[in-house]
Amino acid sequence: MSSIYQIKITLKGIKPPIWRRVQVEGDISLHVLHKILNCAMGWTGTHLYGFRTGGTYYGPPDPERMDAVINSKTVKLNRLVYAEKALLVYEYDFGDGWEHEVIVEKILPPEPGKAYPLCLAGARACPPEDCGGDYGYLELIDIFVNHGL
């Protein structure tokens, strides 16, 4: 088994923060990481996604897009991220524009008998799908609070 990456995922633009801490095998593809992040955050995985780091964009191939996108199924996390404190931006649902900060907190040896991926901690429920991004979510919260729902 490869090294274990402990990562913290924080949804940007929402206060107080919505976050998760997960451990994943370092040799997973970015596409598999996308699926894990969706599960951990509570997204359904029905929208397009992408990762950004150092000016390079990774995601599903799309012949209609004019910019260069490296296929996320072919890039392994441990080939992209070599050290702790590395940062990726994960975008989910291009219409709503949910951006997540993904920080590699630790790179660890695997623990015998432990199954990965593993969600260690987190705070607050994820916004519902298709609510209009951070502004739509804040508006939705305001409606709930002001109408006693």
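With each label modelled as a point 7 angstrom along the Cα→C-beta vector, the T56-E101 pair spans 2.3 nm. When both bridge partners sit in the chain, DSSP labels roughly 95% of those beta bridges antiparallel.
Over 21 Å apart: what share of the alpha carbon pairs of the chain falls there, rounded to a whole percent? Each step should come with its number before you reach the end.
On the way: 4983 of 11026 pairs.
Distances greater than 21 Å cover 45 percent of the Cα pairs.
Helix 30-41 and the longest principal axis of the C-alpha atoms of the chain enclose an angle of approximately 40°. A quarter of the convex hull surface defined by the alpha-carbon atoms of segment 1-83 gives 6.4 nm² as the mean projection.
Per 0.36 nm of contour for each residue apart, how much would the distance between Y82 and C39 grow if the chain were fully extended, relative to their Cα-Cα spacing? Mind showing how you got there, number by number?
Numbers: separation 43, 0.36 × 43 = 15.48 nm, distance 2.43 nm.
Working it through step by step, the gained length comes to 13.0 nm.
Ellipticity at 222 nm from helices only: DSSP H runs of n ≥ 4 in the chain, each -39500 (n - 2.57), divided by the residue count, give -6000 deg cm²/dmol.
Relative to the longest principal axis of the Cα atoms of the chain, helix 133-146 runs at roughly 40 degrees.
Any read-out appearing in this document is the output of simple, stated calculations on the displayed coordinates, not a laboratory observation. Remember, predicted model here, so these are calculated numbers, not experimental data. Neighbour counts are summed over all protein chains in view; Cβ atoms, including those assigned to glycine, are modelled from backbone coordinates with ideal geometry.
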